[in-house]
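The values are calculated or read from the model by the stated rules, or taken from the named source; none is laboratory data. As the structure is a computational prediction, the values presented were derived from the model and not from experiment. Because the Cβ atoms are built from the backbone with ideal geometry, glycine has one as well, and the counts that use them run over all protein chains shown.
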Amino acid sequence: SDVFAYSIVCYEVWLRAVPYTSFKYKWEVSAYVAAGNRLPIPKDFPSGMGELIEKCWGQDPLNRPTFKEIADEMHEIWLQQYSTQKGNLIKNTICKIETSAENLLNN
């Protein structure tokens, strides 16, 4: 359920909008999702991001990616989207952050 919730947060951040606003009660959202329904993925989502979100909110929790797999895939999506000079700056920043995170985890 954490991966599912994370995908909804990603969706919300990307759209800058609150999802499920057409439902009055939380139980209606639960019933909608339990029936296999999902939010629509906008066509202007970055290439690969919509597919990743769809994997994260798959009906069977056992088939959803792990957070490690999500992080790896998001990393690849960003690298593909921003392979320009600006992208190189982003890539270098991501690498520095990853190195710092690894150092923190290993110390």
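Farther than 30 Å from THR93 by Cβ and either in the same structural domain as THR93 (by TED's automatic domain parsing) or loosely packed, with under 11 Cβ neighbours inside 10 Å (or both): is that true of THR66 in this structure?
Here the answer is no, as THR66 does not meet what is asked.
Please work out which residue is modelled with the lowest pLDDT, limiting yourself to the range 1-31 and to residues that are more than 19 Å from TRP78 (Cβ to Cβ) and among the hydroxyl-bearing types (Ser, Thr, Tyr).
Among those residues, the one meeting the criterion is SER1.
Which one is modelled with the lowest pLDDT among residues in the range 81-98 that are in a helix (DSSP H, G or I) and touching a helix residue (DSSP H, G or I) at 6+ places or on another chain (Cβ under 9 Å)?
Looking at residues that are in a helix (DSSP H, G or I) and touching a helix residue (DSSP H, G or I) at 6+ places or on another chain (Cβ under 9 Å), I get GLY87.
Which members of the range 32-55 meet the condition of being more than 27 Å from LEU79 (Cα to Cα) and either surrounded by 13 or more Cβ atoms within 10 Å (Cβ to Cβ) or assigned by TED's automatic domain parsing to the domain that holds GLU76 (or both)? It would help to see each step written out before you state the result.
So the first thing to find is which residues in the range 32-55 are more than 27 Å from LEU79 (Cα to Cα), and the list is 32-38.
Matches in the range 32-55: TYR32, VAL33, ARG38.
Inspect all residues belonging to the range 19-31 and state whether any of them is in a loop (DSSP other than H, G, I, E, B), polar (S, T, N, Q) and not assigned by TED's automatic domain parsing to the domain that holds MET74. Lay out the reasoning, then the answer.
Restricting attention to the range 19-31, the residues satisfying the condition of being in a loop (DSSP other than H, G, I, E, B) are 19-25.
Then keep just the ones that are polar (S, T, N, Q); that gives 21-22.
After this cut, where a residue has to be not assigned by TED's automatic domain parsing to the domain that holds MET74 as well, the list is 21-22.
Yes, there is a match, as at least one residue in the range 19-31 is in a loop (DSSP other than H, G, I, E, B), polar (S, T, N, Q) and not assigned by TED's automatic domain parsing to the domain that holds MET74.
Just one of (1) closer than 23 Å to ALA71 by Cβ; (2) more than 12 Å from the chain's Cα centre (by Cα); (3) surrounded by 15 or more Cβ atoms within 10 Å (Cβ to Cβ) trips up VAL29, so point out which.
Single failed check for VAL29: (1).
Just to be sure, is GLY58 in contact with a Lys or Arg (Cβ under 6 Å, 6 or more places away or on another chain) and not assigned by TED's automatic domain parsing to the domain that holds ILE94?
On the way: in contact with a Lys or Arg (Cβ under 6 Å, 6 or more places away or on another chain): yes; not assigned by TED's automatic domain parsing to the domain that holds ILE94: yes.
Against the criterion (in contact with a Lys or Arg (Cβ under 6 Å, 6 or more places away or on another chain) and not assigned by TED's automatic domain parsing to the domain that holds ILE94), GLY58 qualifies.
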